[in-house]
1. If you bin every alpha carbon distance in the chain into 5 Å steps from zero, what whole percent lands in each bin?
2. Can you pull the one-decimal nm distance between simple spin-label points at residue 60 and residue 34, each 7 Å off the Cα toward Cβ?
3. Roughly speaking, what is the stretch gain from residue 9 to residue 69, that is 0.36 nm per residue apart minus the C-alpha to C-alpha distance, in nm to one decimal?
4. Report the paramagnetic label zone for residue 20: residues of region 61-90 whose backbone N is under 16 Å from a point 7 Å from Cα along the Cα-to-Cβ axis.
5. Put 121, 37, 64 in order of accessible area, largest first, 1.4 Å probe: what do you get?
6. Of 106, 90, 35, which has the largest mean-square fluctuation in a 10 Å C-alpha GNM of the chain?
7. Say each of residue 81 and residue 116 gets a label point 7 Å from the Cα, pointing the same way as Cα to Cβ; how far apart are those two points in nm?
8. Run through region 15-83 and list the GluC sites (Glu not before Pro) located in a DSSP loop whose Cβ has at most 12 other Cβ atoms within 10 Å.
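The values are calculated or read from the model by the stated rules, or taken from the named source; none is laboratory data. Quick caveat, the model's predicted, so the values are computed rather than measured. So basically every Cβ, Gly included, is an ideal-geometry build from the backbone, and we count neighbours across all protein chains shown. Please note that ligands, DNA and RNA were not included when accessible areas were found on the heavy atoms of the full protein model with its side chains. Shrake-Rupley method; radii C 1.70, N 1.55, O 1.52, S 1.80 Å.
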Amino acid sequence: MIRLFAAVAVPAEIGQGLLSRQRGLEAARWRPLEAFHITLRFFGDLREDVAADLDEQLAAVSGHTLDLSLQGAGAFGEGEDIHAVWAGVAENPGLHRLAARCETAARRAGLKAEGRKYLPH
C-alpha cells in the first residue's frame, strides 16, 4: 500500500514566512520548506496497481499559473491528539478547478468520490 495525495508546491516566497512561524508546539516535528505543499486531493492508502492507474490519470491533469496567498490556519485532531497543523489558502477559483481535475482523475482510476468539501491548505 502507498499513501498518496496530489498537491502543488508552496512557492518559496510564501513558504519562508511559514518557516518563521514553526514554533510554540512542544514535541512538534516541523517540516522543511521543500515539504510545504497545498493539497489538491488526498487519496489515502492505495494498492500499487491502483496507484499506477491513478498516476496515468493524473499525468493528463494540467492547469494555469496560480496567484496564491495564505489565509487562516487550523489543525487535524484536537488537544493532545493534534497530528498536523496547516495554513489555509485564500479563495482561488484556479486552485479549485485544479482540485476538481484531480478528483475527476481519481474517479477515472476507480476511486470513490471525496465526500468532503475542498478546503485548500
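1. Pair shares across the bins are 2, 10, 19, 21, 19, 16, 10, 4, 0.
2. Label at residue 60, label at residue 34, 3.2 nm between them.
3. Details: separation 60, 0.36 × 60 = 21.60 nm, distance 1.29 nm.
Full-extension gain reported as 20.3 nm.
4. Correct set: 70.
5. Numbers: 121 45, 37 70, 64 155 Å².
The ordering from most to least exposed comes out as 64, 37, 121.
6. Checking each option, the largest mean-square fluctuation is seen for 35.
7. 1.4
8. On the way: sites: 26, 34, 48, 56, 78, 80; in loops: 26, 78.
When the GluC sites (Glu not before Pro) of region 15-83 are filtered for loop state and at most 12 Cβ neighbours within 10 Å, 26, 78 remain.
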